[in-house]
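Right, one structure below, let's go through it.
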Number of protein chains: 2
Amino acid sequence: MDKLDLIKDLSITNNTKMVMLVLDGLGGLSLEAGGKTELETANTPNLDLLAESSVLGMTDPIMAGITPGSGPAHLALFGYDPIKYAIGRGALGAAGIGFNMQENDLAARINFATYDDNGLITDRRAGRITTDKSSQLCELLSVVKVSNVKIFVKPVKEHRAVVIFRGSGLSDKLSDSDPQRTGAQAKEVVALDECAKTTAVLVNEFIHKAQSVLADKHPANTILLRGFARKPGLPQMKDVYKLNAAAIAGYPMYKGLAQFVGMEILQTGQTIREEFETLKTNFDKFNFFFIHIKATDSFGEDGSFAKKVKVIEEVDKNLALITDLKPDVLVIAGDHSTPAFLKSHSWHPVPFLLHSKYCRLDDVKHFGETSCLKGALGRFPALDIMSLMMANSLRLTKYGA
Amino acid sequence: MDKLDLIKDLSITNNTKMVMLVLDGLGGLSLEAGGKTELETANTPNLDLLAESSVLGMTDPIMAGITPGSGPAHLALFGYDPIKYAIGRGALGAAGIGFNMQENDLAARINFATYDDNGLITDRRAGRITTDKSSQLCELLSVVKVSNVKIFVKPVKEHRAVVIFRGSGLSDKLSDSDPQRTGAQAKEVVALDECAKTTAVLVNEFIHKAQSVLADKHPANTILLRGFARKPGLPQMKDVYKLNAAAIAGYPMYKGLAQFVGMEILQTGQTIREEFETLKTNFDKFNFFFIHIKATDSFGEDGSFAKKVKVIEEVDKNLALITDLKPDVLVIAGDHSTPAFLKSHSWHPVPFLLHSKYCRLDDVKHFGETSCLKGALGRFPALDIMSLMMANSLRLTKYGA
């Protein structure tokens with residue numbers, strides 16, 4: 001039995017309110033051996049005070065040694081086994097630009113690319129054309145007509161774009177056209193099962209027509225497609241947890257992920273303060289809130305240790321906006337680590353805090369990597385966060401008699 | 001491969017003796033933030049002394065956030081994955097009243113209930129009739145005859161009873177007759193597969209005849225059946241662990257659970273001292289002993305913090321009766337937490353102690369929730385307790401060459 005099935009069987013409703021505050025890429029590393037991480041460097045009197053009346057631990061986003069992308073890392077936070085419930089790259093790409101996929105949509109990632117007179121790919125990124133240029137090309141491709149299918153082509157960043165095919169009976173059992181190396185021809189898209197054959201024909205037709213449109217747009221004179229995916233059919237939070245859940249996020253990708261599990265997306269601003277104020281405004285209307293802070297991750301990826309520290313301090317400064325609402329369960333977590341030292345996501349466990357009336361306190365008085373290790377929750381899979389939150393809001397009945 | 005299969009492959013016999021002392025609902029919570037739990041409040045010099053020469057940890061009964069009933073919690077203690085090996089509610093009910101189910105028996109839970117002239121259930125609990133009254137009604141129902149099947153109807157508590165059908169070819173693939181709400185008719189029991197059809201006919205016949213018997217017994221003028229279950233076909237401890245195991249328990253439910261995994265049930269008294277003396281008397285005859293102390297859980301469920309503390313102190317006072325026997329492996333564990341603060345079972349991890357010649361000592365010198373967190377075993381699934389005990393008695397050979 002899948003854990004979600006168990007939770008679905010045991011979950012009940014009540015009037016409690018839960019808040020899951022996610023600082024993207026929260027976990028860090030010190031810049032020198034024996035030094036402090038970003039979180040440990042930050043001056044966080046409010047988080048530390050909260051830690052005193054909370055239970056702490058360290059979460060493994062997926063499993064030991066595995067560095068997750070945003071998709072799987074957030075699925076785990078929401079209680080969905082990220083190994084079982086994979087979101088196709090095309091669907092993730094659509095989510096990333098805020099495209100609201102419908103049931104029948106088929107999405108794929110696009111690279112604008114360069115090919116020569118012999119039909120060989122010479123640059124898989126078309127010289128990294130600007131996002132502006134890419135946007136113009138996407139507009140041109142959006143008017144391509146292929147039988148009864150509606151086509152959306154949307155820019156992502158530089159040479160990257162997303163295509164969404166809207167029609168009936170579209171299958172995502174398709175191979176990529178991207179050969180993944182230069183000096184090779186682009187591949188035909190091949191149906192991976194019988195039912196995908198008509199979709200493959202249609203997609204190849206789109207690619208060929210797109211090539212005509214792009215003929216004089218060197219270096220972006222062709223497109224490569226990969227990661228065909230339909231909208232993921234994820235169990236919905238209202239069914240599994242019986243929760244009326246809302247997401248407060250500034251970035252499209254996280255709104256998309258929240259939407260895939262059935263959260264309502266709330267309008268909010270780009271600052272931390274605005275996001276927390278959105279929580280206050282909507283606190284009566286929902287019983288579960290996911291709040292996503294992006295900047296910790298962005299500065300981690302940039303290698304900006306000091307700026308990541310500042311973002312954490314900004315969260316700390318505004319924390320009372322959340323705690324004053326007295327949610328029954330408050331969790332502060334990260335989806336993964338993004339140490340400025342590595343300039344990338346990493347596999348390191350992530351500091352975790354849970355505050356509720358029923359948590360068994362430990363003696364940890366600081367919210368940081370080294371201190372959270374000594375927390376009563378120990379080191380545990382991020383996949384367990386939702387069942388802990390549900391338990392602490394008394395929303396899970398007993399398993400067995 | 002199931003873990004039990006692995007253990008079965010690796011287990012050998014020797015002359016060691018193991019004792020698993022289970023304090024039901026051992027784990028607790030403090031009554032106020034930052035205070036002590038029941039176990040931490042109790043004066044336990046002997047347990048603390050034992051902790052100094054033991055390895056400690058915290059067990060998760062099932063998984064994070066899940067609050068278990070007694071059935072699954074004890075299966076985990078005995079090394080049986082409680083998600084895989086579910087014991088049907090009927091069988092658990094029979095175990096709970098000390099009814100020794102035979103291979104062909106089919107058990108179900110009964111609620112005495114009230115229905116009106118339109119055949120609609122108006123009270124699923126027949127006004128919570130007394131256990132005395134229920135006992136009289138059970139006797140009346142025990143004489144109902146249905147074809148070649150022998151029928152036992154036994155009172156549990158108030159409106160709750162158990163029925164056991166003894167015959168050949170009985171199936172438990174049956175739906176419930178209990179509609180789970182008032183204002184509805186009781187349901188016909190329906191066969192969930194082809195082989196269950198004759199059993200369904202027979203059970204419905206029993207229900208109709210029972211209604212005639214109860215016609216003038218308002219408010220208990222009908223019965224609702226649910227949780228049809230045959231005796232669980234669990235692997236037996238003598239096969240998996242090659243152990244000759246005995247159970248010392250005062251309460252029928254735990255004797256029943258022990259019997260399901262093949263333990264012999266020893267006659268004992270109701271006090272802690274009597275249970276420990278039963279161990280002494282039988283110490284030569286078996287190589288594994290499960291001793292069950294119920295009162296910690298009972299007082300936890302009642303919300304009696306001080307009384308739960310007293311029971312723990314009583315265990316501590318009598319501990320020498322066990323330790324003087326010098327078992328090769330001694331475990332002190334709980335099946336789950338039952339904090340007086342919550343007046344119910346809970347999801348919190350449970351303090352755990354293992355003493356043997358081969359355990360790698362940690363520096364924990366007290367047996368309590370906060371201290372056990374710092375034990376060398378860390379936080380681990382209760383399902384791992386048996387393999388740890390087996391290893392510490394040198395009863396598991398090497399896996400692979």
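Values in this text are rule-based calculations from the coordinates and carry no lab data. Remember, it's a predicted structure, so these values are computed and weren't measured experimentally. Glycine gets a Cβ as well: all are built from the backbone with ideal geometry, and neighbour counts include every protein chain shown.
A:Glu32 label point, 7 Å along Cα→Cβ, cut-off 17 Å on backbone N: hits in the stretch A:278-321?
Under 17 Å, as judged by backbone N against the label point of A:Glu32, lie A:305-306 of the stretch A:278-321.
Given the rule -39500 (n - 2.57) for each run of at least 4 DSSP H residues, summed and divided by the residues of chain B, what is its mean residue ellipticity at 222 nm, to the nearest 500 deg cm²/dmol?
About -8500 deg cm²/dmol.
What is the calculated FRET efficiency for A:Ser175 to A:Glu264, with r their C-beta to C-beta distance and R₀ = 35 Å, to the nearest 0.05?
With a Förster radius of 35 Å, E is 0.45.
Provide a whole-number value for the mean count of partner chain Cβ atoms within 10 Å of the Cβ atoms in peptide B:55-67.
Mean shielding count: 5.
Compute the label-point distances linking A:Ala320 to its equivalents in the other copies; points lie 7 Å from Cα along Cα→Cβ; give nm, one decimal, shortest first.
Sorted ascending, the copy-to-copy spacings read 5.9 nm.
Summing Lys, Arg as +1 and Asp, Glu as -1, what charge do residues with Cβ under 10 Å from the Cβ of A:Val190 carry, A:Val190 excluded?
Local charge sum for A:Val190: +1.
Under 13 Å from a point placed 7 Å out from the Cα of A:Lys365 along the Cα-to-Cβ direction: which residues of the stretch A:19-59 have their backbone N that close?
A:48-53
Name the long-range amide H neighbours of A:Met58: under 5 Å, sequence gap of 5 or more, or other chain; modelled H, no Pro or chain starts.
Counting only residues 5 or more places away or on other chains, the set is A:Gly378, A:Arg379, A:Phe380.
Calculate the translational D of the stretch B:295-375 in whole µm² s⁻¹ from Stokes-Einstein, where the hydrodynamic radius comes from the Kirkwood formula applied to all Cα pairs, the temperature is 10 °C and the viscosity 1.306 mPa s.
The Stokes-Einstein estimate is 114 µm²/s.
Between rounded, prolate and oblate, where does the stretch B:243-335 land on the alpha carbon gyration tensor, with a ≥ b ≥ c its root eigenvalues, rounded for a/c under 1.5, else prolate if a/b exceeds b/c?
Since a/c reaches 1.5 but b/c is at least a/b, the shape of the stretch B:243-335 is classed as oblate.
Mean-square fluctuation check for chain A, GNM, Cα pairs under 10 Å: which of A:Gly334, A:Gly227, A:Gly269 is largest?
A:Gly269
Can you give me the long-range amide H partners of B:Ser337? Hydrogens built in the peptide plane at 1.01 Å from N, cutoff under 5 Å, separation of 5 or more residues or another chain.
B:Gly27, B:Ser346, B:His348
So if we plug the beta-carbon distance of B:Met1 and B:Lys157 into 1/(1 + (r/R0)^6) with R0 = 41 Å, what FRET efficiency do we get, rounded to 0.05?
0.50
Going by average Cβ neighbours within 10 Å, how do the peptides A:346-353, A:363-370, A:73-80 rank, with the highest at the top?
A:73-80, A:346-353, A:363-370
Take the Cα atoms of the stretch A:1-146, find their three principal axes, and give me the spread along each one in whole Å, biggest first.
The Cα atoms of the stretch A:1-146 stretch 67, 48, 27 Å along their principal axes.
From the phi of every residue in the stretch A:225-242, what ³J(HN,Hα) in whole Hz does the Karplus formula 6.51 cos²θ - 1.76 cosθ + 1.60 yield, where θ is phi - 60° and glycine or proline is x?
Per-residue couplings from phi come out as 10, 7, x, 4, 7, 8, 4, x, x, 6, x, 9, 4, 5, 7, 6, 9, 6 Hz.
To make sure I understand, if each residue's beta carbon is the centre and we count other beta carbons within 10 Å, what order do A:Leu92, B:Leu214, B:Leu26 fall in, fewest to most?
B:Leu214, A:Leu92, B:Leu26
State, as an integer percentage, the relative contact order of chain A based on alpha-carbon contacts under 8 Å between residues 6 or more apart.
RCO, chain A: 33 percent.
Say a label goes 7 Å from Cα toward Cβ at B:Glu274 in every copy; what distances in nm does this one have to the rest, shortest first?
For B:Glu274, the other copies' label points sit at 7.2 nm, shortest first.
Which aspartates and glutamates, if any, have their Cα less than 15 Å from the Cα of A:Lys255, not counting same-chain residues under 8 positions apart?
A:Asp24, A:Glu264, A:Glu275, A:Asp335
How would the stretch B:79-197 be classified by its alpha-carbon gyration tensor: rounded, prolate or oblate, with rounded meaning a/c under 1.5 and the a/b versus b/c comparison settling the rest?
rounded
Applying the Karplus parametrisation 6.51 cos²θ - 1.76 cosθ + 1.60 with θ = phi - 60° to the phi angles of the stretch B:147-156, what ³J(HN,Hα) value in whole Hz is obtained for each residue in order, glycine and proline being reported as x?
Using θ = phi - 60°, the values come out as 5, 9, 9, 8, 10, 10, 10, 10, x, 10 Hz.
Would you order A:Arg128, A:Arg109 from fewest to most other beta-carbon atoms within 10 Å of each residue's own beta-carbon?
With the sparsest Cβ surroundings first, the list reads A:Arg128, A:Arg109.
To confirm my reading of the symmetry, which residue of chain B has the Cβ nearest the axis that brings B onto A, and what whole-Å distance does it have?
Of all Cβ atoms in B, the one closest to the rotation axis yields B:Gly378, 3.
Using the scaling law 2.2 N^0.38 Å as the reference, what is the normalised Cα Rg of the protein assembly as shown?
So the Cα radius of gyration is 1.11 times the expected 2.2 N^0.38 Å.
Would you tell me the mean number of C-beta atoms belonging to other protein chains that fall within 10 Å of each C-beta in B:76-85, as a whole number?
Mean shielding count: 1.
Can you tell me the equivalent ellipsoid semi-axes for chain A? Use √(5λ) from the Cα gyration tensor, largest first, whole Å.
Ellipsoid half-lengths, sorted descending, are 41, 24, 18 Å.
Need one word for the stretch A:130-205: rounded, prolate or oblate. Basis is the Cα gyration tensor (sqrt eigenvalues a ≥ b ≥ c); a/c below 1.5 gives rounded, then a/b vs b/c decides.
Cα axes put the stretch A:130-205 in the oblate bin.
Using modelled backbone amide H atoms (1.01 Å from N, in-plane), which distant-in-sequence or interchain residues come within less than 5 Å of B:Asp328's amide H?
The list, which skips near neighbours in sequence, is B:Lys17.
Cut-off 10 angstrom, C-alpha nodes, Gaussian network model of chain A. Which of A:Ser177, A:Ser147, A:Ser371 fluctuates the most?
Evaluated over chain A, the most mobile residue of the options is A:Ser147.
Excluding residues fewer than 8 places away in the same chain, name every one of the lysines whose C-alpha is closer than 19 Å to that of B:Lys308.
B:Lys308 reaches B:Lys36, B:Lys294, B:Lys317, B:Lys343.
Determine the sum of side-chain charges near A:Ala229: Lys and Arg each +1, Asp and Glu each -1, restricted to other residues whose C-beta is under 12 angstrom from that of A:Ala229.
Overall, the nearby charge balance is +3.
Summarise the partner chain shielding of A:357-363 as one whole number: the mean count of Cβ atoms from other chains within 10 Å of each residue's Cβ.
For peptide A:357-363, the averaged partner shielding equals 6.
Treating cross-link reach as a plain straight distance, find the lysines whose alpha-carbon is under 26 Å from the alpha-carbon of A:Lys209, omitting any fewer than eight places away in the same chain.
Qualifying lysines at Cα under 26 Å: A:Lys133, A:Lys145, A:Lys150, A:Lys154, A:Lys157, A:Lys173, A:Lys187, A:Lys197, A:Lys217, A:Lys231.
Within the set of other residues whose C-beta is less than 10 Å from the C-beta of B:Thr59, count the net charge using Lys and Arg as +1 and Asp and Glu as -1.
Charge balance in the 10 Å sphere: -2.
Using a label position 7 Å from Cα in the Cα→Cβ direction, what is the ascending list of nm distances from A:Ser175 to the same site in the other copies?
Ordered by increasing distance: 4.9 nm.
Would you list the membrane-span-like helices of chain B, meaning whole DSSP H runs whose alpha-carbon atoms span at least 24 Å along their axis and whose mean Kyte-Doolittle value is at least -0.5?
The qualifying helices are B:197-214.
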